[in-house]
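The values are calculated or read from the model by the stated rules, or taken from the named source; none is laboratory data. Please read all numbers here as calculations on a predicted model, not as lab measurements. Here the Cβ positions follow ideal geometry from the backbone for every residue, glycine too, while neighbour counts run over all protein chains shown.
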Amino acid sequence: MAQIFPKKANDLVKVLAAAVVLGACGLGTMATGLWLSPFITQQDVAKQQVVPFSHLHHVKGLGIDCRYCHTTVETSSFAGIPPTETCMSCHSQIWTNAKMLEPVRASFKTQKPLEWLRVNDVPDFVYFNHSIHVNKGVGCVTCHGQVDEMALTHKGQTLRMGWCLQCHRAPEQFLRPPSEVFNMQWQPPADQSAKGLELVKNNHVKVEQLTNCSVCHR
Amino acid sequence: MDGLAEAIGFKKTRLPLIILCGGLTGACTAFGFQYWASAVYYPYNIGGRPFFSWPAFIPITFELTVLFASFAAVFGMILLNGLPKPYHPVFNSERFAKHATSDGFFLSVETSDPKFDMETTCALLSGLGATHVEAVAQ
Amino acid sequence: MSPHDTNVAALEPSIPLIAPGHTYTTISDKVAGIVVTEPQPKSWKFGILIGAIGVMILNTAVIYLFYKGIGIWGVNIPVGWGWAIINFVWWIGIGHAGTLISAILLLLNQQWRTSINRFAEAMTIFAVMCAGMFPILHLGRPWVFYFILPYPGTLTMWPNFRSPLLWDVFAVSTYATVSLLFWYVGLIPDFATLRDKARNKVGQWAYGFFALGWRGSARHWFRYETASLILAGLATPLVVSVHSIVSLDFSVGIIPGWHTTIFPPYFVAGAIYSGFAMVLTLTIPVRKIYALEDFITQRHLDVMAKVMLATGLIVGYGYIMEAFYAWYSANPYEKFMIYNRMTGPYWPAYWALVLCNIVTPQFLWIHWVRNNPIVLFIISIIVNIGMWLERYVIVVTSLHADFLPSSWGSSVSWRNLRPRKTSSWPRKKSMTRATSRSMRLRLFPWTVSRKRLGSRRPDFL
């Protein structure tokens, strides 16, 4: 018996080759899909926090400004997470017995801060500063999404480098007048590209430097 | 067997053309991509060099030319030869399997040949001094 | 005349590349027999054991490396490239001999290549695998090595195509792929032979799978020969380009001792030199163990030794030119570099390399040496060591003392396996003092420490 392979092996080989090629393509597509999905990016995925704090209620419902809690956003790299005292400035007066707020009161009594889980973060090798963005006319909504409609807080954007670069390459498409930075309802005007260029010029945004590596990786 | 191809008169194969195409594809892909990525899509300043600093793109262009041409050579050779073909009727012959790949010389005439006729062909081959003639089933 | 009794040696009586008395049948039986029929000799098992132990040591070392970081090699500022890069260049150089034997000698129609080419090609593939490992291990975060590949990622940017390090990625990966293809193409007809000689089902299936149904048709052979020849034509400039690009990793930098135009040819010659040394290191025992003296004859060893001698002389020319141009350029930094190499804290490495790479191969002028496998084996080992030292000298001595004495430092100790902070040497009473302290040789227990550079400082500085 000199014939090692059966006759159908000839066709089998072709099927196998096709399967390898298609399988590799399929695997690549699946991996890309997974990498872009919220499963990896955590975009639109709410985290379970110690207190189920609702931006929807506080911002949209009550009309509290972002800076009431995130006090250092205009002056510092970090926007600031409010201390328990900020919560208690209202909640010592209203909803004083609400069970939901028990951790807040406990934190106030023991002087141990609430442990919020960070939602928006960039890698350690990225230097990010809130104040420069806010002062040059990047709205809160541009990066954080419609926070005023989040019952539980989640990432509004992927915060990946490619996403950052969209604006760093063409800031005129995203900038708004400094007065509108904290306006959650602002919509770009029809002539945004013209207005945006004006904002770039007036705010002294050096577009040619914005994509230098060392702007963010210092 | 050295010189056999020349003796039979094989002169042309499309293989060199395929390899040339592979190499040119590699060169164009590499150079075009480097130009696009470095000068069009994201031009960044490296030590004050021009964005389209073509001499720096040559090494990768060369490497990909060789890579694509080599793939074209190997896969072109395999596919033009109709391989992989694990099953072939000649393997049905015991003598073929024993000697063909080490020390034998075989001549195979297929039934699809217009001049094929079982008896006359066998007679012809024997008459030419073959040591052994055998019919191989499909 | 039937091929069964063709006497191969008789075809070319003037060239005893194969011992007399062999025919196609005996050669096929012997060569294939090693693989399929004969039981593996004890020494094979012993070799595998040694190899397995080596791999285990490597694994342990790599795990420790991932746990602690590359500081365990003693790399730090200013000697930021060390162990891994030296090994990378050494291994990739070794790989070159395989391609040279299979491609260039095929183009030059050198018959003697056929006995050793497969073997050398296999060596190339393993050498390139070893080489490819080291730059990845050298990364601080090896798990993101793919950052350097141009893939469409969420960073929406591409690597810097002007960097020799990226050229290196392309050169080495292309080289690995083409070597593998070349090796495989060469193997297809041999897999067919093995398939037909295999005695059990598993062997038949396995060899048959890789043989792709090769049946040795004349038309197939014609295309096959065409493909092989063109592949050889492609691989020849490729092999030259790969080590040239590796040398550009250094020579594109502006460090004295690196920034030299002689690097590409000198690296390529060095690669072939070390590669042939490694082929000899491997051939001599293998030919003994498997009794292949009939096929890998004295003549093969003789020819390989001559290639080694020739490339060794080119490498020696490279060393001399480095020294000559350091003087002729009248550049104080270049002058200091070569002076520091010869007399500085790393002088033993430099002179050991001269001894291994320039002095030792001169024995190959002697016919008796070229034909004595044991002496040849010893010389090949010495050359391997010498070529490693060459890369050590290039990488470490060039980096440890460049333009500014304030940034001078040293490479680090094996004794305590702990990185030393060479970057933050305190400013002592004088810079010379601080430098001489930091430049104590720590890598090998050659006790040359406390040699003061100050007292030996040349007048041109």
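Numbers at a glance
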item: The listed residue being farther than 18 Å from A:H154 by Cα, within 14 Å of chain B (Cβ to nearest Cβ), assigned to a helix (DSSP H, G or I) and out of contact with any Ser or Thr (no Cβ under 6 Å at 6 or more places or on another chain), out of A:L27, A:L22, A:L16, A:L34; result: A:L16
item: Among (1) within 14 Å of chain A (Cβ to nearest Cβ); (2) part of a loop (DSSP other than H, G, I, E, B); (3) not β-branched (V, I, T), the one test that C:P150 misses; result: (1)
item: Residue identified as surrounded by fewer than 18 Cβ atoms within 10 Å (Cβ to Cβ), modelled with pLDDT of 85 or more and part of a helix (DSSP H, G or I) among B:T65, B:T61, B:T29; result: B:T29
item: Selection status of C:A227, aliphatic (A, V, I, L, M) and at pLDDT below 90; result: yes
item: Residue satisfying condition, being charged (D, E, K, R), under 30 Å from A:A170 (Cα atoms) and at pLDDT below 90, within set B:R49, B:R14; result: B:R49
item: Residue in segment C:356-371 that is of a type outside the set (A, V, I, L, M, F, W, C), surrounded by fewer than 19 Cβ atoms within 10 Å (Cβ to Cβ), under 22 Å from C:R113 (Cα atoms) and in contact with a Gly (Cβ under 9 Å, 6 or more places away or on another chain) present; result: no
item: All positions within segment C:68-92 that are closer than 30 Å to C:I272 by Cα and not in a helix (DSSP H, G or I); result: C:G74, C:V75, C:V79, C:G80, C:W81, C:G82
item: Conditions (1) more than 12 Å from chain A (Cβ to nearest Cβ); (2) surrounded by 21 or more Cβ atoms within 10 Å (Cβ to Cβ); (3) over 29 Å from the mean Cα position of the chain (by Cα): number failed by C:L231; result: (3)
item: Residue identified as closer than 30 Å to A:R218 by Cα and without any contact (Cβ under 8 Å) to a residue 60 or more places away in the chain among A:S77, A:S92, A:S107; result: A:S77
item: Yes/no for C:S251 being under 30 Å from C:I86 (Cβ atoms), within 8 Å of another protein chain (Cβ to nearest Cβ) and polar (S, T, N, Q); result: no
item: Subset of segment C:285-342 [β-branched (V, I, T) and either farther than 23 Å from C:W388 by Cα or not in a helix (DSSP H, G or I) (or both)]; result: C:V286, C:I289, C:I296, C:T297, C:V303
item: Residue in segment C:153-175 that is closer than 21 Å to C:I116 by Cβ, hydroxyl-bearing (S, T, Y), crowded, with 20+ Cβ neighbours inside 10 Å and out of contact with any Lys or Arg (no Cβ under 9 Å at 6 or more places or on another chain) present; result: yes
item: Residue in segment C:259-281 that is within 12 Å of another protein chain (Cβ to nearest Cβ) and either β-branched (V, I, T) or in contact with a helix residue (DSSP H, G or I) (Cβ under 8 Å, 6 or more places away or on another chain) (or both) present; result: yes
item: Single residue of segment B:68-88 satisfying the filter (surrounded by fewer than 16 Cβ atoms within 10 Å (Cβ to Cβ) and in a helix (DSSP H, G or I)) that is modelled with the lowest pLDDT; result: B:L79
item: C:F250 vs. criteria aromatic (F, W, Y), assigned to a helix (DSSP H, G or I) and within 18 Å of B:F75 (Cβ to Cβ); result: no
item: Of residues in segment A:37-66 being hydrophobic (A, V, I, L, M, F, W, C), touching a residue at least 12 places away in the same chain (Cβ under 8 Å) and part of a helix (DSSP H, G or I), the one surrounded by the fewest Cβ atoms within 10 Å (Cβ to Cβ); result: A:L56
item: Matching residues in segment C:208-224 - criterion: being more than 7 Å from chain B (Cβ to nearest Cβ), part of a helix (DSSP H, G or I) and surrounded by fewer than 23 Cβ atoms within 10 Å (Cβ to Cβ); result: C:F209, C:F210
item: Cβ pairs under 6 Å, 6+ apart, first in segment B:56-85 and facing chain C (nearest Cβ under 7 Å) and farther than 17 Å from C:W183 by Cα, second in a helix (DSSP H, G or I) and among the charged types (D, E, K, R); result: B:L80/C:R223; B:N81/C:R223
item: Residue in segment C:179-191 that is closer than 20 Å to B:P59 by Cα and hydroxyl-bearing (S, T, Y) present; result: yes
item: Every pair of residues 6+ apart whose Cβ atoms lie under 8 Å, when the first sits in segment C:127-144 and is part of a loop (DSSP other than H, G, I, E, B) while the second is surrounded by fewer than 17 Cβ atoms within 10 Å (Cβ to Cβ) and among the aromatic types (F, W, Y); result: C:L139/C:F145
item: Members of segment C:298-338 that are among the hydrophobic types (A, V, I, L, M, F, W, C), over 21 Å from the mean Cα position of the chain (by Cα) and surrounded by fewer than 20 Cβ atoms within 10 Å (Cβ to Cβ); result: C:I320, C:M321, C:A323, C:F324, C:W327, C:A330
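Every residue, every condition in (1) modelled with pLDDT of 85 or more; (2) surrounded by 21 or more Cβ atoms within 10 Å (Cβ to Cβ); (3) aliphatic (A, V, I, L, M), yes or no:
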| position | (1), (2), (3) |
| --- | --- |
| C:V79 | no, yes, yes |
| C:I86 | yes, yes, yes |
| C:G98 | no, yes, no |
| C:F119 | no, no, no |
| C:A127 | yes, yes, yes |
| C:F134 | yes, no, no |
| C:L139 | yes, no, yes |
